[in-house]
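Structure first, commentary second.
The values are calculated or read from the model by the stated rules, or taken from the named source; none is laboratory data. Values in this document were obtained by computation on a predicted structure and should not be read as measured data. Cβ placement follows ideal geometry from the backbone for every residue including glycine, while neighbour counts extend to all protein chains displayed.
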Amino acid sequence: MATKNILLKILLATILAIPSPSFPQEEGEEELLRKATGYFFQKKFDMAESLFQQIIDKNPDNAQACAYLGDIFLIKKRYDGALDLYQKSVQINPEAGENYFRIGQIYYYRKDGKQAVDNFKKAIEVDTQLRFAYYHIGLTYLMILRDKGNTIANWETYLQVAPDDPQYDRIKRAIELLKDPNFVIPPPGSDMTIEEALMLGGVTIDKTTHRTTDKEAGHESKKTKQKLEDIYLDDDL
């Protein structure tokens, strides 16, 4: 009996001494996310997209991967795909105000002013630190909804909550021009852009007539390269 026990111990010791076969381990979700975000901030969007998609395929509830992939789609102007991903991310993590902001951007690009404003407002409601959403609300009211009053109100709020904005003086000047009772927002399809109207210091009937006459005479001035959309860049969200 003693011999049997000794042999059993020797057998077990021999088995334990044999090294286990090593198989290549699949990269974990966190490591993939780290690599993907690294590529994202290096602007290697195709490589980042592939990795974020792998993460989502394995774990559809990874809100961070959905949001980043949505950003890539937004950058590539794949608006439908971006919208789906942001909405999914919001369902998983409704406390991520940035996603509501991005949804607002998509609706802005689609010229759906009401939906854009609603989502920009939701972004502020969820995360009060997203102060620049006030600027984009005002921008939406001006560029899409053609509403002077709400543009002024939201830009004034923005300057109150973000007095350190480097574009403070430019936004303040735009507000002053909009408050001029003679300022008329050019309607959609007008020969004069809103940016040109602001550069002229407000549009009156006479100025609009002169602008059209100059164009017909071949003296059209160059459009400003600085668009209102570019006053506040939000690519680093």
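Check Tyr158, Tyr134 and return the single one that is part of a helix (DSSP H, G or I), in contact (Cβ under 8 Å) with a residue 12 or more places away in the chain, touching a Ser or Thr at 6+ places or on another chain (Cβ under 6 Å) and not basic (Lys, Arg). Criteria check complete, one pass: Tyr134.
If the condition is being over 17 Å from the mean Cα position of the chain (by Cα) and in a loop (DSSP other than H, G, I, E, B), then the range 44-85 contributes Lys44, Asn59, Pro60, Asp61, Asn62.
Considering only residues in the range 162-204 that are more than 27 Å from the chain's Cα centre (by Cα) and small (Gly, Ala, Ser), the one that is modelled with the lowest pLDDT turns out to be Gly202. Selection within the range 137-160: residues that are closer than 17 Å to Ala197 by Cα and among the hydrophobic types (A, V, I, L, M, F, W, C). The member of this set that is surrounded by the fewest Cβ atoms within 10 Å (Cβ to Cβ) is Leu145. Summed over the range 91-141, the residues that are of a type in the set (A, V, I, L, M) and within 17 Å of Ile72 (Cβ to Cβ) give a count of 3. Contact annotation: residue pairs with Cβ atoms under 9 Å, 6 or more positions apart or on different chains, pairing a residue in the range 48-60 that is under 18 Å from Ile75 (Cβ atoms) with a partner that is exposed (fewer than 13 other Cβ atoms within 10 Å of the Cβ) and of a type in the set (A, V, I, L, M, F, W, C), are Ala48/Phe41.
Residues of the range 80-111 that are over 26 Å from Glu31 (Cα atoms) and surrounded by fewer than 16 Cβ atoms within 10 Å (Cβ to Cβ): Asp80, Tyr109, Arg110, Lys111.
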